[in-house]
Amino acid sequence: MVDTFKRDYLTVDCICLAFETPDGWIEVNEDMKGWPEFLQAVEPNLPGFPSQEKWWHEVMIPVFEINHSTLWKRVEHLLSHLLSPPFYPLTDAP
């Protein structure tokens, strides 16, 4: 699972992503070196992960609020992959 949220640093907010792993959570944020490159790498490597344009504004506004949201779940991706074309009804199987 990948979640996004903001941390309130009193005068500014910091947008974060948290990745659930078998060993716990790994958190990265926009203040870390390489953030833009990291985001570019995440999208193609987690099929179904939304582009930054689709979630950034929702977590950014309103300011100084957590604005927590789940961006990606492994189970949802697997189900959508299994149910997306090409699949064939039993009568039309090649």
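Just so you know, all these numbers are worked out from the coordinates, no wet-lab data involved. No experiment lies behind these values; they were computed from the predicted model shown. Neighbour counts run over all protein chains shown; Cβ positions are idealised from the backbone, glycine included.
If you stretched the chain out fully between residue 30 and residue 61, how much longer would it get, using 0.36 nm times the residue separation minus the C-alpha to C-alpha distance?
Working: separation 31, 0.36 × 31 = 11.16 nm, distance 1.54 nm.
Result: 9.6 nm gained on full extension.
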Least to most buried among 4, 70 (fewest other Cβ within 10 Å first): 70, 4
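Fewest Cβ neighbours within 10 Å first, please rank 25, 55, 35 accordingly.
Numbers: 25 10, 55 19, 35 14.
Neighbour counts put them in this order, fewest first: 25, 35, 55.
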Net charge contributed by nearby residues that have their C-beta within less than 14 Å of residue 38 (K/R +1, D/E -1): -4
